[in-house]
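First up is the structure itself, then whatever we jot down about it.
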Amino acid sequence: MILRHCRSNVLEPRMSCSIAYVNTGSRPWLIVLAFISFFVILSCGDEVGDSYKLINIGAIIDVNSRVGKEEKVAMEIAVQDFNNASQNHKLSLHFQDRERDPLRAASAAKKLVKEKKVKVIIGMERWEEATIVAKIGNRVRVPVLSLAEPAITPPLMPVRWPFLVRMTNHRAEQLKCIAALVGLYNWKRVIVIYEDDKNGGDTGDLTLFSEALQDIGSEIEDRLVLPPFSYLTNPKEVVQEELKKLLIRIQSRVFVVLQSSSSMVVHLFREAKEMGFVGKDSVWIISGTITNSLDSFNSSVISSMEGALGIKPYFSEISSSYSNFKGQFKRTFRAQYPEEDSSDPGIYALKAYDSIITVTQGINKMTSEDSNASVLIENILSSNSTGLSGEISFKEGRLLQTPKLRIINLLGKKYKELDFWQPEFGFSKSLDARENNSRKSLASAVIWPGDLSKRDPKGWAMPTDSNRLKIAVPARTSFETFVKVSRDENRLTYDGFCIELFNEVIKDLGYDLPYEFDPVNGTYDELVQSVYNKTHDAIVGDVTILAKRTKIVEFTQPYAESGLSMIVPAKSEESALMLLRPFTWTMWVVTGAILIYTMLIVWLLEHNHNPEFNGPWLDQISTAFWFTFSSLFFAHRGRISSNLTRVVVVVWLFVVLILTSSYTASLSSMLTVQRLKPNVTDIEWLKRNNLTVGCDGDSFVRIYLKNVLNFTPDNILNVSSEYDYDGKFKNNSIAAAFLELPYEKVFHTRYCNGYTDTTPTYRFGGLGFVFQKGSPIAADFSDAILKLSENGKLKSLEDKWFAPSSECSANATNKETESLSLSSFWVLYLISGATSTICFILFLVGLLRNYIHDQRDTSKRLFWSEAVKLARYICDRQGMQNPGRVLTSAGTQDADIEM
């Protein structure tokens, strides 16, 4: 039975009535109470109407949903509180059911404006409904307070809808929070689930969520779009069918439910749990639109959602105003809706209550002179207060408050709070904390689906004993040192460096990884493609990391470096000038210069004292040269008269000792070590002469030679085995072989003599294991490979599998001897030259002193005459021994010159 509750309105001649819903079947006494109240109001209506101003408020909600029920009770409490406290204004609340249809919401708004003369409209949890009602509000100049959360704030909102006020934040922050949660646990791929609205759109959530995931290095692998629940006759069957299709397509087990009705969520989790989607290593995250309705779910539904993570808006529950509201709300809600299990208010109830309070604050600011819609909307937008849901202030028609979100974990019939998240600070233990750290998990322990307690879920379809990891292994390889597949008594055996490394990684993972090998005869690109199309889960082998491959599969940390090296035959390097090789040309030139300088100094110091250095100029020079040169072999026999000469010769002999010893050692090394030089050093020379080169046809090298190095395809020969290269070189089938660095090392362990390689110019990403894109196992393998590298185990495996042959081991230490350069001997030369120079200066000082002494009584002469006389004095041995005679003779000659 529906009764109209009417009041007289001093502003309008008609009665203002509110709608009350009465269940006449269950409580007959309510009918009597309603009639009594009706007559009492009629009898005193005129008297009351003279004492206050009545304002009608419309509310458009879903009266049959849990959210709608909470909003209705909260608004009624707010109206009652205001009416009890206000003497000048009274509120009359009128409800309309939107029936989850934007057109119905528009019709309800028109009806409220036309029939009820409402001054404000509140409600509309969906943004498309809010915008339609806002257009009507613009036209009739009625403020509209929306409880809808758009994905983003629409541009020019105050211009497009000047009478629209949003009592909520946009959902973009919630989507960023979910993305941050995904990034916190390093889940690379997620499955998005949402219920399609009646207009066939996702309201922009999918785009925003995809962008947020890209920011943290993750992506959406697939999406499950469920049809509107109201259109389904058998929702269980539809959900089952959609989940079966999804099971075939995906490997990820991180499910994010962006938006869905409560009824659809119930069927989704029940069917997902039955099909094994809610189990070990799976993750379920639900958005705030669902967590706000958790109180409407019964215990069986909550149990199917156990272990899921949820996002809930934060509001304070310790204030006295909230405590008073909660007590009043629980009593009223139980009385009106006894069938509901829980009577606790949610965020929508608080928002609805705050909406009424915001309207009443705007009304209280109005005076009789400015009581119009423009003043009311201005007063509402200028609000600045603290409500039950948080701070209430607006900017450009939207709530200015930065959202604070809680991370919850569903457990049994309830949920527990794990952490807080704020856009500015990320995750924190409390709202006062400003951690901004790099945590790898939430602050509190999470109970995951499947009772996973020892570790965090991988968010991936992890292998089990019944569904093992299917690993492809190259069955044909050019170098069996890396992977070798052989058959032994109808049983396949796998061996090689890669296989042994894989076994070591498995030991270090920290969890069981059931697997099975599957030998594949194909190229490496075909192997990678088999992982991409999900024929195989992984590849264990010598797969090169290339840019185009990383776009479709996931590589582990490289366990070996990679680069392209050219192998060519080498010939012994012989030269007629081998005797000059121990020293560089600069060394030879400087040695000759210091030899000549020392010879000159010895001659200058000895020729005035030592008869052996006297005589004709040619004899003097030959004697000095022979003395100095023979000292190189310690064969000098000449007598030395001057002590200064002895000092010079001693230092020179020391230099000679060092030089001869170094020369002998270097020459011996060069003559005993076989020196090889390549007969081909230039790739362009190979192409110009149209020569054939060899490579592994199953690897990417053939394509690289053709497309990058521009070899003619007819000149590229596929070599199927490492043992065939030597034969191909000897019969001149190939002039060079192009191998990756790891293969080049293996090749040289067998053929260290007769072949040489060029420095790799073209670098690649290295060798690694392959997994499906987004697989968390790849990251675990990478960590294990790094650990093996750090603890030396990887080096031990390399030494085991890449050990050179006995012949190559004997020559391993025979390095090419470099020519000795001046940088090693310049100090020695400096000491020798400085010693000779100092001795010569001392000799000149003594000689000049004698010369000056002999010149004391001579008359003044021209400078040129003095210079000539000094030179003769130095060179004249007799003059040095008898200075008086030399000067007299010189003076006579000078007199003759002057005449």
Label-point separation (nm) for SER622 and ILE248, each offset 7 Å from Cα along Cα-to-Cβ? 10.7
How many times 2.2 N^0.38 Å is the alpha carbon radius of gyration of segment 471-528? 1.19
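Write down the Kirkwood hydrodynamic radius of segment 279-418, to one decimal in angstroms, obtained as one divided by the mean of 1/r over all alpha carbon pairs. The partial results should precede the final answer.
Details: mean 1/r = 0.0576 Å⁻¹.
Computed over segment 279-418, the radius equals 17.4 Å.
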Geometric extent, Cα atoms of segment 676-763 - Rg, Dmax (angstrom): 12.2, 32
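Could you calculate the FRET efficiency of VAL589 with SER444 from 1/(1 + (r/R0)^6), where r is the beta carbon distance between them and R0 is 60 Å, rounded to 0.05? Don't skip to the answer; put the middle values down first.
On the way: r = 79 Å, r/R0 = 1.32.
That gives a FRET efficiency of 0.15.
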Would you please give the FRET efficiency between ASP465 and GLU340, computed as 1/(1 + (r/R0)^6) with r the Cβ-Cβ distance and R0 = 41 Å, to the nearest 0.05? 0.35
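Using alpha-carbon pairs under 8 Å, 6+ residues apart, how would you state the relative contact order of segment 676-763 in percent?
Working: 77 pairs, mean separation 31.0, N = 88.
It comes to 35 percent, rounded to a whole number.
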Quick check: pseudo-label points 7 Å beyond the Cα along Cα→Cβ at SER733 and ASN707, how many nm apart are they? 2.7
Please compute the modelled spin-label separation between SER382 and SER316, points set 7 Å along Cα→Cβ, answer in nm with one decimal. 2.5
How high is the relative contact order of segment 54-165, in percent, with contacts defined as C-alpha pairs under 8 Å that are six or more residues apart? 27
Can you give the FRET efficiency for ILE552 and THR761, using 1/(1 + (r/R0)^6), R0 = 35 Å, r = Cβ-Cβ distance, to the nearest 0.05? 0.80
Whole-percent tail of the Cα-Cα distance distribution for segment 182-291, cut at 17 Å, equals 52
Measure of size requested: the Rg and Dmax of segment 73-141, with Cα atoms as the atom set and Å as the unit; please supply both. 13.1, 38
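Quick note: the coordinates plus some simple rules give every number you see, no bench work behind them. This is a predicted model, so every value here is computed, not measured. Don't worry about glycine lacking a Cβ; one is built from the backbone with ideal geometry, like all the others, and counts go over all protein chains shown.
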